[in-house]
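One structure is given here, and the rest of the page talks about it.
Any read-out appearing in this document is the output of simple, stated calculations on the displayed coordinates, not a laboratory observation. The shown structure was predicted, so the numbers you read here are calculated from the model rather than taken from an experiment. In this analysis, Cβ positions are derived from the backbone assuming ideal geometry, glycine residues included, and neighbour counts consider all displayed protein chains.
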Amino acid sequence: MLEATIEILIKTIIILGLPLGSLPIIIHVERRGAAFMQKRLGPNRVGPFGLLQPLADVAKFMFKEEVQPAHVRPFFYTAAPMIALVVALLPLACIPIAGPIEAFGRTIYPEVFRSEMGIFFAFAVSALGSYGILLAGWASNNKYSMLGALRACAQMVSYELSLSTSLVAMVFLYGTNDIHAMVAEQTGYWFGFLPRWGFFLQPVAAMLFLVGIFAESNRLPFDLAEGESEIVAGYHLEYSSMKFALFFMAEYIHMIALSALFIIMFFGGYSLLPGMDLIVDQAPSLLVVLQATSLIIKVAFMIWFFVWVRWTLPRFRYDQLMSLGWERLLPLGIANLIVTVLFVYFRNQ
Amino acid sequence: MAMDILLTLLTVVFALMVVFSKKTVVAAFSLLMTLLSLAMIYFQLGTVFLSAVQVLINAGAVAILFVFVMMLINLEEFSNNRERNKVKLVISTFTMLVVLGVLALVINNNIETLSIVNLSDSSMTALFDKLFNSYFLPFEMATVLLLASIVACIVITGHEKHGKEELKEQDKMGVE
């Protein structure tokens with residue numbers, strides 16, 4: 001009993017510590033990346049290369065005066081940022097950072113919550129992400145906040161459909177909901193050089209999922225929830241100091257979790273990057289470390305991709321966003337699903 | 001055991017809040033919490049699949065529509081002066097008694113065969129076997145019911161076409 005508790009505690013610390021600890025780095029990359037693409041320098045004064053700037057920002061957030069406007073609905077106003085962050089952290093519980101480890105005479109799974117329904121569960125709880133935003137917008141009791149929240153909510157519900165069609169297609173293809181089995185399917189090479197990643201089997205589903213995670217995490221080109229030129233800052237307009245920071249953290253954590261799901265389904269999850277298996281042949285004990293490194297490198301690339309897109313594409317207009325979601329992506333997703341189901345049916349016969 | 005009691009209490013308390021809370025948005029969020037506590041009960045029973053479906057569909061999609069609409073039309077102003085007429089009271093009491101009576105009848109008739117459901121993820125195949133073989137007809141009838149309600153929604157809210165024609169006529173009149 002004690003052993004199991006300690007095991008879960010350690011896993012929880014790792015799974016919460018990694019994303020939360022990497023937030024300052026991600027924010028630094030975001031700001032420096034923005035500066036790089038706009039031909040300016042970005043934050044470079046605090047510490048070497050400006051690396052300590054995020055820490056200074058955290059200190060600022062902590063010690064800033066917290067202003068609570070008189071017209072808000074106090075209970076929900078306070079609850080909203082917490083709900084946003086907690087819900088964003090939930091899907092991380094069943095994302096494995098490495099393969100099963102054989103140690104102490106048993107198999108240890110590196111995810112906190114081991115289930116055969118792993119990917120489905122992660123997707124289901126990440127669908128709750130819109131509540132924090134919706135609640136924040138309503139509790140702020142402000143027209144702009146409300147508009148931002150309604151926009152965010154409608155957008156997330158619409159793009160969840162294209163996300164789920166591509167998810168179902170991949171589940172059909174792999175024939176399993178178990179993340180470890182999914183990764184096992186994607187380990188190895190075709191023709192000796194091409195990794196067996198889901199992306200090469202289902203590029204359409206991958207594209208749908210990619211667009212979907214941009215819309216789900218409210219990032220540009222889909223950041224209509226906080227379109228600053230139209231509705232000031234959207235749902236977090238009335239928030240200051242640490243409450244605002246919680247929304248900020250929730251957005252990045254949501255990004256990390258959805259990227260990890262994307263990597264698991266389409267880029268082999270924790271399966272080794274090409275070339276790493278040569279190292280494992282020499283030193284088999286390094287397998288787990290290399291698997292974790294592979295996953296972290298892949299997710300880091302996804303985060304860089306988010307930054308890249310953010311500073312490359314302009315924002316959509318709202319009707320364009322809706323027609324893209326409902327009239328293009330959803331029919332494409334359903335067509336893709338039908339083709340996949342037929343393919344799986346005839347393959348299994 | 002303590003966990004089960006806690007979850008049951010949570011579900012019941014939130015369900016009562018749905019009915020009795022004065023503010024509509026609070027009621028909508030209580031509905032969400034009821035659905036989520038139900039999901040937790042499923043989870044406690046060991047059915048991760050059912051729990052995830054409950055979260056994804058009922059809590060993630062259905063409840064959000066309720067909350068969305070309530071926030072959009074801002075019902076708060078109307079909620080405090082609820083009508084307290086006698087006809088409503090009689091009808092609601094009667095409905096409640098009928099529902100309770102049917103429930104009591106069903107439970108009383110099956111009291112011997114009632115037991116704690118033991119589902120697990122491995123029995124998912126069994127679940128869908130039941131759904132698509134034994135209970136196929138009710139399942140399909142439920143889908144027809146849903147379809148009927150969708151059609152009803154379109155009919156009820158379908159004044160748009162009429163409105164457009166009127167607008168066009170107005171436009172013509174304006175042009176003339």
Exercise. Which FRET efficiency, nearest 0.05, do B:Ala152 and B:Leu9 yield, Cβ-Cβ r, R0 25 Å?
Worked result: 0.10
For this session: Return the sequence-ordered ³J(HN,Hα) values of the range A:24-40 in whole Hz as given by the Karplus equation 6.51 cos²θ - 1.76 cosθ + 1.60 applied to θ = phi - 60°, using x for Gly and Pro.
Result: x, 5, 4, 5, 4, 4, 4, 6, 5, x, 4, 4, 4, 6, 9, 6, 9
Exercise. Mind checking the alpha-carbon convex hull of the protein assembly as shown and giving the volume per residue in Å³?
Worked result: 248 Å³
Seminar exercise, completed: Of the candidates A:Leu224, A:Ser126, B:Leu147, the farthest towards the positive dipole end of the protein assembly as shown (Lys/Arg Cβ +1, Asp/Glu Cβ -1, centred on the Cα centre) is A:Leu224
For this session: About the Cα centre of chain A, how large is the charge dipole given +1 on each Lys and Arg Cβ and -1 on each Asp and Glu Cβ? Please answer in debye to the nearest 20.
Result: 760 debye
Exercise. Considering only DSSP states other than H, G, I, E and B, which chymotrypsin sites (Phe, Trp or Tyr not before Pro) in the range A:182-260 qualify as loop sites with at most 13 other Cβ atoms within 10 Å?
Worked result: A:Phe191, A:Phe193
Exercise. Other chains' Cβ within 10 Å of A:115-128 residues: what's the mean?
Worked result: 6
Exercise. Where the Cα atoms of the range A:168-243 are projected onto their three principal axes, how long is each span, largest first, in whole Å?
Worked result: 54, 23, 23
Problem set entry | In order through the range B:90-95: 3J(HN,Hα) via Karplus (6.51 cos²θ - 1.76 cosθ + 1.60), integer Hz, x for Gly, Pro | 4, 5, 5, 4, 4, 4
Seminar exercise, completed: Computed, not fitted: 222 nm per-residue ellipticity of the protein assembly as shown from DSSP H runs ≥ 4 (each -39500 (n - 2.57)), nearest 500, equal to -22000 deg cm²/dmol
Seminar exercise, completed: If every Lys and Arg gets +1 and every Asp and Glu gets -1 at its Cβ, then about the Cα centre the range A:78-227 yields a dipole, in debye to the nearest 20, of 200 debye
Seminar exercise, completed: Filtered pair list for chain A (Lys only, Cα < 21 Å, 8 or more apart or interchain) has a length of 4
Seminar exercise, completed: Under 5 Å from the placed amide H of A:Leu237, counting only residues 5+ away or on other chains, we find none
Problem set entry | Computed Rg/Rh of the range B:1-81, alpha carbon atoms with Kirkwood Rh | 1.05
Problem set entry | Global form of the range A:220-293, assessed from the alpha-carbon gyration tensor, a/c cut-off 1.5 | prolate
Exercise. Can you work out ³J(HN,Hα) from phi for every residue in the range A:47-60, in order, using Karplus 6.51 cos²θ - 1.76 cosθ + 1.60 and θ = phi - 60°, giving whole Hz and x for Gly and Pro?
Worked result: x, x, 6, x, 5, 8, 4, x, 5, 4, 5, 4, 4, 4
